[in-house]
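Comments concern the structure below.
The values are calculated or read from the model by the stated rules, or taken from the named source; none is laboratory data. This structure is a prediction, so every number in the text was calculated from the model and none was measured. Here the Cβ positions follow ideal geometry from the backbone for every residue, glycine too, while neighbour counts run over all protein chains shown.
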Amino acid sequence: MAPVSTKRPTYYEELRGKGYTRRDFMKFCTMMAAYLGLEASGTAQIAKMLMKTPRVPVIWLHFQECTCCSESFIRSSHPIVADIILDKLSLDYTETLMAASGHQAEEAMHQTMKDHYGEYILCVEGSVPTAEGGVYCCIGGKTAEQILQETAAGAKAIICWGSCASNGCVQAAKPNPTSATPIHKLVKGKPIIKVPGCPPIGEVMAGVLVHIITFGTLPELDRVGRPKAFYSKRVHDSCYRRPFYDAGLFVESFDDENAKKGYCLYKVGCKGPMTYNACGIMRWNSGVSYPIQSGHGCFGCSEENFWDNGPIYRQQASFPGFGIESSADKIGMAAAGATAAGIIGHAIATNIQKKKLIANVIREGKESEKEL
């Protein structure tokens, strides 16, 4: 009897076996290259690596969270994202998606840790409670922190999915009864990528993994550990309501006429001016919309401590941008003043031109009379 092959198939082999065509595969590679901000040659580079790279083993842990990150991932608008990442990134262990349970599930995780020590990617969804010895989150008789430390020891890199794992999210909000703690404060000496959001966009999650697979390195990160490809611009900078902000046109309450006209939501608590994320560019629901487009201000969910950064529906006092202490009211007044000044200036200029024109006509008329 022929020996059973233990070699992991490549991503391309898995996709072809699942019925995807080469055209589908190249479309996916092109999409990922665009999301990652790569040059045209990036598509070929991604395709080459996915065609020759065996599936990367993954352990995906769930702690204090609502599973919205997994939901976002599997509900991506591009089916191949879920297939190439969830199926083809070989989720060796995840309580939410794997078929096995109980002792079988635990055995699968420990087998991966043993067979692929230093090679597997550890994905973590949720914060870790440290109060009372960690009793608020236990799996298989172990606390979340024990499981995290054991799995992190042999991980090639750690990815923190969502704001719970990245910054603690609502569980860490005051008074934080379970002492919910983000991953980077518990694990040291390992490469850590934060992909915050409540939840993050599915294609952003896929893009981070594809970058690691393609280049074998972590993507370039910002000062707090987020991939710059997706967290380098403020939501405010790419918001389609930005012109209304610049013009000083704001929604005063969610049921006023300004809200119906789609004016800027800053005065009703939108945190877009101080939130870094790709929501306004990549959007949700097959790229159709995002919270601001649905009429609700940005929560600022990709920023640290966003639950404790003031009331959600109250205007922030000030933020950097138009001078050091500019506010929406001052900007609105300035915009109105500039508009009024422009109108007055235009009227004065027009009158001056008219007077010059009249003077020229009179002068030309007198000169004509002299000639006669």
Pairs where the first residue, in segment 1-27, is of a type in the set (D, E, K, R) and the second is exposed (fewer than 14 other Cβ atoms within 10 Å of the Cβ) and at pLDDT 85 or above, C-beta under 9 Å, 6+ apart: 16/22
All-but-one check, residue 85 against (1) modelled with pLDDT under 85; (2) among the aliphatic types (A, V, I, L, M); (3) over 22 Å from residue 12 (Cβ atoms), failing number (3)
For residue 66, indicate whether it is within 19 Å of the chain's Cα centre (by Cα), at pLDDT 85 or above and farther than 17 Å from residue 185 by Cβ. yes
Considering segment 226-239, residues that are over 20 Å from residue 297 (Cα atoms) and touching a Gly at 6+ places or on another chain (Cβ under 8 Å), and then whichever is surrounded by the most Cβ atoms within 10 Å (Cβ to Cβ), we arrive at 227
Just the residues that are assigned to a loop (DSSP other than H, G, I, E, B) and at pLDDT 80 or above, please, taken from segment 1-36. 19, 20, 21, 36
Residue tally, condition farther than 18 Å from residue 136 by Cα and in a loop (DSSP other than H, G, I, E, B), over segment 156-192: 6
Of the listed residues (53, 30), the one being touching a residue at least 60 places away in the same chain (Cβ under 8 Å), of a type in the set (S, T, N, Q) and assigned by TED's automatic domain parsing to the domain that holds residue 119 is 53
Within segment 240-290, which residues are surrounded by fewer than 20 Cβ atoms within 10 Å (Cβ to Cβ), over 21 Å from residue 197 (Cβ atoms), within 23 Å of the chain's Cα centre (by Cα) and of a type in the set (Ser, Thr, Tyr)? none
Give the residues of segment 163-212 that are within 13 Å of the chain's Cα centre (by Cα), among the hydrophobic types (A, V, I, L, M, F, W, C) and under 13 Å from residue 65 (Cα atoms), sorted by residue number. 198
Looking at (1) under 17 Å from residue 300 (Cβ atoms); (2) buried (at least 21 other Cβ atoms within 10 Å of the Cβ), find the lone condition where residue 211 falls short. (1)
Over segment 265-305, the set of residues more than 11 Å from residue 239 (Cβ to Cβ), in contact with a helix residue (DSSP H, G or I) (Cβ under 7 Å, 6 or more places away or on another chain) and aromatic (Phe, Trp, Tyr) is 276, 299
